Every structure is written in C-alpha cells, then in structure tokens.
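Note sheet for the following structure.
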Amino acid sequence: MDKVKIGLLGAGAWGRNLARNFATLPGCELAAVSDAEPKRAGVVAELAPGARFSPRADEIFNDSSIQAVVISTPPATHYELGKKALQAGKDLFVEKPLVLDVAQGEELVRLAEEQKRILMVGHIMVYHPATLKLKDYIRRGEFGEVYYLYASRVNLGKVRDIENALWSFAPHDISMVLFFLEKLPVQVTATGRAYLQPGIEDVCFLTMHFDTGQMAHIHVSWLDPHKDRKVTIVGSKKMAVFDDSASSEKIWIYDKGVNTNPDYTTYGEYLALRTGDILIPKVESKEPLSLECQHFIDCVRERKSPRSDGRSGLDVLKVLEAAQRSLKAGGTPQRLAT
Ligand SMILES: NC(=O)c1ccc[n+]([C@@H]2O[C@H](COP(=O)([O-])OP(=O)(O)OC[C@H]3O[C@@H](n4cnc5c(N)ncnc54)[C@H](O)[C@@H]3O)[C@@H](O)[C@H]2O)c1
C-alpha cells in the first residue's frame, strides 16, 4: 500500500511535535508543511528534512498528491482551514478543540460525511495507554458502578491570549470523561476568573452532571504553583487514580469502598468501610502522540472511523460551549445544545 502523503499546517509549539511524528512514522510521508511565519522553515527543515516548506496554506490544498491534512494552527483558524481542506477532498486531522463554535463544528462534520473524508480531532488523551487501561477496567465492571470522577490539569505555564484555560486545557479532560462514561452530560456549570488578562479566564472549575446521577468535575489553570495532571475515579466497588505527571506507576487502583449490610442492627453496622489491596497495573510506556498519529494514518489507509472522530469532537464542543455560557453567567447551570 502506498504511503499516505501528509501536509501539515502550523509548526508552532505543538505542530513541531506532530511534524516529528509524521516525519518518522511508517506508512506515511510528511510531504509539506505550511506556517504563516516564514521563519518556521528552519525548525521544519530540522524535524522533517524531506518536507517542503511554504508560508501559503493553499499550496497544500492545491497539491493533488497530498491525501491528508493535519491542522495545528490557533483554534480560531481551524474552521476556515478545515473547511478548505475538506472541500479540497483531503482527509483531516484537526488539533483540539475542533473549532470554537458548535454550528461550525456541525458544518465540518457534515462536510466530511458528505465527502466521505476521514475527520479526526486531536483528543490525545483517548490514545493514552493509561486511559485505555482505565476504560477497560470500567467496561469490565471492575470499579462497579462509576459514581463520580474529578480531574485536574494545572501548572504555571504558557498563558494563551485568545482562548481561555477552559478552551485550551479542558478539551483533554472532557474527551476523557465522555470516553469513559459514553454519554453526554445533561447540564454543566462552570466558574472561573481572569486575573492576568481581561476576559481570558486563567482558571476554571467545571462540573458536568449526567442523567444517571454521575458527576465529573474538572479544574484547569495555567496559574498554579503545581504541575498536576490527575484523574480520580470513584466507583461502588473500587477507586482509581491516574497521575499523568508521574514518570511511572501512573495508575493506582484502590480496593476501597463502603459496603452496606442489610442485616444490620445498629447504624454503625449498616455502612462498613472496606480497605483492601492497592494494585499498580503495568501501563505501556508509548508516547500518546505517536499512537494518535499512527491511528490517523491507519484510519486513512483503512477508511475506518477514528476513535476521536468529528462527532466526538462535536460532543466535546457542546460541553465547552455550555461551560462557556455558564462561566459568563456567573456559574449558572446550563443545559447542552441538542
Ligand atoms: N494535543 C495537545 O496536547 C496540544 C498541546 C498544545 C496545543 N495543542 C493545539 O495545537 C494547536 C496549535 O497550538 P500551538 O501551541 O502550537 O500554537 P502556536 O501559536 O505555538 O502555533 C501555531 C502556529 O500556527 C501558525 N499559523 C497561524 N495561522 C496559520 C495559517 N493560516 N496557516 C498556517 N500556519 C498558521 C502560526 O504562525 C504558529 O506558528 C492548537 O489547536 C492547540 O489547542 C494541542
């Protein structure tokens, strides 16, 4: 089978990681890279010596030998560039978030379906080996009924000047929660504050409520003393912590819970705490981005729908949009757009 010829748009902080992967993975050829900043040519020549560079994205859209386009430009440009790529008949991998507006996201999904093109969104956490391990535990009922989850993604890091911490960081955790629970929340609340730049929230606390009574809470910030990337899952049988900042032993499973005793005589006997063993399962130590890029190549070659397809990107967008409405309304609960 021929190698998939890829064109990459955007060779900024993240795009260069994509360039490194697509330049080295088997089954594809990174044929061209475009960045609006001509000075990015140097880094592209270093990471992908075989790729030609152009500051004009149209050169990639007009090149009929390029089958797939990867977009890693600022989110505000995803819609226009994504639409052009699909209209030019390319398969498409768009970094998260898919776009900044649900209606625009729906248009891209519709366009991809009409054109029978692959549309994948860069929700990297659903390719993380630890996420897949946890998903397998959930599917097998190992944790019992999942009651609630909470995640934090905080550090003292790159301050964005267009999208806030919610749009910049929370897509990772929202995509993970939706992947685990396999449903959309019915209601979302979000509060946050802009301390460094007017109107761009540096910190956000988001809570998703599901019709099953399940709950997921997400804390995101680039203004925090700790680098913390953690997810805790609390189930009726077991509990788990996934610490993505840890270099190894990323998942800890606690055989802890509260058992109810139907034959109780006193209240103390009714609810009995249970503290059992802790299991630290082996997690494959492959780079999630490499697995994600390989998945895109496989989907293009085999014409199969990606794990993080356009519709799942749209679901994440619906949560983000409701959270943004709640944020602007001072934390008032918001229902998701249907
Ligand atoms: N998956 C992840 O973990 C992860 C991490 C960081 C960023 N991202 C995503 O990657 C994307 C890029 O983020 P970044 O941090 O690299 O941003 P960045 O600002 O560092 O880089 C963006 C690049 O796009 C270029 N650009 C802008 N408009 C362009 C156009 N029309 N055509 C070609 N190039 C254009 C800019 O010159 C710049 O070099 C965003 O969508 C972001 O959310 C994903």
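The values are calculated or read from the model by the stated rules, or taken from the named source; none is laboratory data. Fair warning: this is a prediction, and the values are worked out from it, not measured in the lab. Glycine gets a Cβ as well: all are built from the backbone with ideal geometry, and neighbour counts include every protein chain shown. Side chains are part of the model used for accessible areas, which takes the heavy atoms of the whole protein and leaves out ligands, DNA and RNA. Shrake-Rupley method; radii C 1.70, N 1.55, O 1.52, S 1.80 Å.
Applying the set (1) assigned to a strand (DSSP E or B); (2) within 12 Å of the ligand (Cβ to nearest atom); (3) out of contact with any Ser or Thr (no Cβ under 6 Å at 6 or more places or on another chain) to residue 167 leaves exactly one unmet item: (1). Away from the ligand (no atom under 16 Å from the Cβ) and either modelled with pLDDT of 95 or more or not assigned by TED's automatic domain parsing to the domain that holds residue 155 (or both), is that true of residue 203? Here the answer is yes, as residue 203 does meet what is asked.
Quick grid of which residues meet (1) in contact with a helix residue (DSSP H, G or I) (Cβ under 8 Å, 6 or more places away or on another chain); (2) open to solvent by 40 Å² or more (accessible area, probe 1.4 Å):
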residue: 42; (1), (2): no, yes
residue: 51; (1), (2): yes, no
residue: 59; (1), (2): no, yes
residue: 82; (1), (2): yes, no
residue: 90; (1), (2): yes, no
residue: 94; (1), (2): yes, no
residue: 103; (1), (2): no, yes
residue: 107; (1), (2): yes, yes
residue: 118; (1), (2): yes, no
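Residues of segment 103-146 that are over 19 Å from residue 232 (Cβ atoms), of a type in the set (A, V, I, L, M, F, W, C) and in contact (Cβ under 8 Å) with a residue 40 or more places away in the chain: 108, 109, 112, 118, 119, 120, 121, 124. Considering the conditions (1) under 9 Å from residue 310 (Cα atoms); (2) more than 16 Å from the ligand (Cβ to nearest atom), residue 116 is excluded by exactly one of them, (1). Go through segment 48-57 and give me each residue that's within 13 Å of the ligand (Cβ to nearest atom) and closer than 19 Å to residue 4 by Cα. The answer is 53, 57.
Tallying residues that are away from the ligand (no atom under 15 Å from the Cβ), open to solvent by 70 Å² or more (accessible area, probe 1.4 Å) and part of a loop (DSSP other than H, G, I, E, B) within segment 1-40 yields 4. For segment 57-74, a tally of residues being of a type in the set (Asp, Glu) and touching a residue at least 40 places away in the same chain (Cβ under 8 Å) returns 1.
Of all residues in segment 228-254, those satisfying the criterion of being open to solvent by less than 30 Å² (accessible area, probe 1.4 Å) and not in a loop (DSSP other than H, G, I, E, B) are 231, 232, 233, 234, 235, 240, 242, 251, 253. Could you tell me which residue of segment 293-308 is most open to solvent (accessible area, probe 1.4 Å), considering only residues that are within 16 Å of the ligand (Cβ to nearest atom) and either in contact with a helix residue (DSSP H, G or I) (Cβ under 8 Å, 6 or more places away or on another chain) or of a type outside the set (A, V, I, L, M, F, W, C) (or both)? Checking each candidate, the answer is 307.
Considering each residue of segment 324-338 in turn, none proves to be closer than 22 Å to residue 180 by Cα, assigned to a helix (DSSP H, G or I) and within 19 Å of the chain's Cα centre (by Cα).
Among the residues of segment 257-292, which ones are free of Cβ contacts under 8 Å to residues at least 60 places away in the same chain, open to solvent by 100 Å² or more (accessible area, probe 1.4 Å) and farther than 23 Å from residue 148 by Cα? Passing the criteria: 262, 263, 264, 265, 267, 282.
Residues checked against (1) of a type outside the set (A, V, I, L, M); (2) within 20 Å of residue 332 (Cα to Cα); (3) open to solvent by 20 Å² or more (accessible area, probe 1.4 Å):
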residue	(1), (2), (3)
136	yes, no, yes
162	no, no, yes
166	no, yes, no
183	yes, no, yes
192	yes, yes, yes
206	no, yes, no
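Just give me the residues in segment 71-98 being within 21 Å of residue 175 (Cα to Cα), more than 8 Å from the ligand (Cβ to nearest atom) and either of a type in the set (D, E, K, R) or touching a His at 6+ places or on another chain (Cβ under 8 Å) (or both), in sequence order. Answer for segment 71-98, where residues must be within 21 Å of residue 175 (Cα to Cα), more than 8 Å from the ligand (Cβ to nearest atom) and either of a type in the set (D, E, K, R) or touching a His at 6+ places or on another chain (Cβ under 8 Å) (or both): just 98. Of all the criteria given as (1) over 15 Å from residue 162 (Cβ atoms); (2) within 10 Å of the ligand (Cβ to nearest atom); (3) of a type in the set (Gly, Ala, Ser); (4) open to solvent by 30 Å² or more (accessible area, probe 1.4 Å), the one not satisfied by residue 64 is (2).
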